Every structure is written in C-alpha cells, then in structure tokens.
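One structure is given here, and the rest of the page talks about it.
The values are calculated or read from the model by the stated rules, or taken from the named source; none is laboratory data. All figures in this text were calculated on a predicted structure; none of them were measured in a lab. Counting neighbours? That spans all protein chains shown, and the Cβs are built from the backbone with ideal geometry, glycine included.
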Amino acid sequence: MDNNLPEQPITPAQSIQPPIPPQPAIKPKKSLLKWLVLIIGVIILLTLIGGAYILGQKSMVKPAEKTQTVTQLPATTPTIKPSNQTLKIFPAQSVTYLQIPELNIKIALSDEIKDLAYFPKTNNGKTDIYLSTNSLANAGEKEKTNGVNYCAADEGPLGIFSKIYRTSLTEDPNQPWWNRLSTLRDATKERTDGSGVKLPIVAKEFSDFFILYTPPQASCADNSSISTMQNSSVKAIEKLIPTIELIQ
C-alpha cells in the first residue's frame with residue numbers, strides 16, 4: 001500500500017471550501033451624517049422660534065382689541081336729538097320773511113325782531129319804506145307827543161329803506177356819500193371810521209340798484225324802556241341787511 005494516501009477517504013458529502021475572511025463593518029458615509037445633523041438642528045431651531053412667537057403673542061396687546069374697547073363705550077354715545085329740533089338745524093324751513101313788494105325785496109326775520117312792519121311813503125315818484133315793529137308801536141301809544149305816536153311805522157322810528165339806482169350815482173366828491181358809487185359800495189361791507197370804530201353794514205348791492213338803510217336819528221318817545229327797545233331793534237335790523245333778497 002502506498003504510504004502517500006490519506007488515512008481516511010474523502011466522501012462526496014464533504015466538500016472542501018476555502019475559508020471566508022470576516023467582512024468589515026459597514027460605516028455610514030460622512031455626508032449622510034452631516035445632513036442628519038443639519039436637519040435635526042433646523043427642527044430644533046424652528047421649535048425654539050415657534051415657542052418664542054407663541055409666548056410673545058400671549059403677552060402682547062393687540063391694537064385691534066384696544067381700539068375695539070375704546071369705541072364700544074356706551075357712556076360716550078351721543079344722544080339723538082328729538083325730531084322737533086330739525087328746524088334749528090335747518091333754519092330755512094322755519095324762516096319768516098317780510099315781503100316789501102314796493103322795493104321788490106324780502107327780509108328774513110330773526111328771533112330778535114319777528115314783528116317788523118313797514119309803511120310805504122311815495123314822494124316825487126320815489127317810494128321809501130318806513131320801519132317799526134308792532135311791539136314798539138304799541139308801546140308808543142302810551143307815550144304820544146301832541147297826540148302823535150312817533151313810534152308808529154309811518155314815523156319810521158326804526159329807520160328807512162330806500163332804493164338807489166346805479167345810474168343815478170356819481171363820483172363827485174361834493175355829493176353826499178350815499179350818492180357816490182364807491183362810498184355806497186363801501187357801506188355794503190364791514191368797515192371802520194377814522195377813529196377805528198366799527199361801522200355797521202347799511203347797504204345791499206344788486207345788479208342795477210342798491211338798498212340803503214338809514215337808521216333813526218332820535219328816540220321815538222321820552223321813555224327809557226322804549227328807547228332801549230328801539231335801539232335793540234335798530235341793531236337787529238342792521239344784522240339783517242346782508243340777508244336782503246329779491247322777490248322772485
């Protein structure tokens with residue numbers, strides 16, 4: 001027997017395989033780790049920012065809420081005025097006019113002089129309007145002089161309205177101021193005299209004529225209360241001069 005043969009025969013069930021070397025552990029790539037760290041950092045940062053925003057919103061007073069609180073105070077709500085005060089808001093609906101057809105004008109009467117009356121007098125084709133009030137005329141009945149009530153309208157205790165046509169006016173300095181265009185036009189505006197005293201408006205200009213108001217020169221009765229009534233009525237008329245209108 002050959003001594004080089006193995007002591008035991010090799011059976012077919014036994015196969016000889018070369019030894020498998022151990023596999024090294026798979027290490028994650030460095031770039032993937034970087035992305036994971038970055039994503040986690042972003043998540044943490046967003047969480048912190050969101051928490052800070054929510055805390056800030058809870059502690060902050062919103063302007064809209066503050067405005068709403070101020071405007072919804074029932075105590076400051078104005079009371080609506082009754083409808084019977086409409087005439088005070090729109091006085092044109094309650095104005096009483098004194099119609100003077102002789103001069104083709106009308107005057108809106110104020111509360112100070114509601115009972116203004118007039119008496120027309122014509123001389124040489126020219127009509128002037130003599131003024132008084134019913135209350136003044138009635139008071140003058142008890143204070144007649146030589147049987148004449150100088151507080152009645154036909155005596156003009158509150159002055160006279162006259163119509164002066166533009167064509168009759170001049171600029172002659174020798175003429176009275178009411179006959180000169182420039183000085184009569186000045187009388188339609190507020191002005192002062194040489195000493196600085198304010199003068200009342202005593203004229204109203206229209207397209208081709210002026211309405212001139214001449215106030216009274218004396219008291220209509222020797223009675224202080226009547227004189228006071230007369231003077232206050234004259235001032236009330238002077239306030240109405242700018243409101244004179246044409247009768248349409």
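Those residues that are closer than 29 Å to residue 247 by Cβ and part of a loop (DSSP other than H, G, I, E, B), I need them from segment 189-216; list them, please. So that I can check it myself, show each step before the final result.
Of the residues in segment 189-216, the ones closer than 29 Å to residue 247 by Cβ are 189-191, 199-216.
Across segment 189-216, the qualifying residues are 189, 190, 200, 201, 202, 206, 207, 208, 215, 216.
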Check: Is there a residue in segment 162-170 that is in contact (Cβ under 8 Å) with a residue 12 or more places away in the chain, in contact with a helix residue (DSSP H, G or I) (Cβ under 6 Å, 6 or more places away or on another chain) and assigned to a helix (DSSP H, G or I)?
Finding: no
Notebook entry, point to check: Condition test on residue 211, is it modelled with pLDDT under 95, within 17 Å of residue 100 (Cα to Cα) and buried (at least 19 other Cβ atoms within 10 Å of the Cβ)?
Noted result: no
Checklist line | Residue count, segment 93-123 (criterion: in a helix (DSSP H, G or I) and exposed (fewer than 14 other Cβ atoms within 10 Å of the Cβ)) | finding: 3
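From the residues in segment 207-248 that are of a type in the set (Val, Ile, Thr) and more than 17 Å from residue 112 (Cβ to Cβ), which one is nearest to the chain's Cα centre (by Cα)?
Among those residues, the one meeting the criterion is 247.
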Notebook entry, point to check: Which residues, counting only those in segment 111-131, are touching a helix residue (DSSP H, G or I) at 6+ places or on another chain (Cβ under 6 Å) and in contact (Cβ under 8 Å) with a residue 60 or more places away in the chain?
Noted result: 112, 113
Notebook entry, point to check: Any chance segment 179-188 includes a residue that's of a type outside the set (D, E, K, R), more than 16 Å from residue 240 (Cβ to Cβ), free of Cβ contacts under 8 Å to residues at least 24 places away in the same chain and assigned to a loop (DSSP other than H, G, I, E, B)?
Noted result: no
Note to self: Just to be sure before I move on: is residue 241 out of contact with any Lys or Arg (no Cβ under 9 Å at 6 or more places or on another chain) and β-branched (Val, Ile, Thr) in the structure I sent?
What the structure shows: no
Checklist line | The one condition in (1) farther than 16 Å from residue 240 by Cα; (2) surrounded by fewer than 17 Cβ atoms within 10 Å (Cβ to Cβ); (3) touching a residue at least 12 places away in the same chain (Cβ under 8 Å) that residue 137 fails to fulfil | finding: (2)
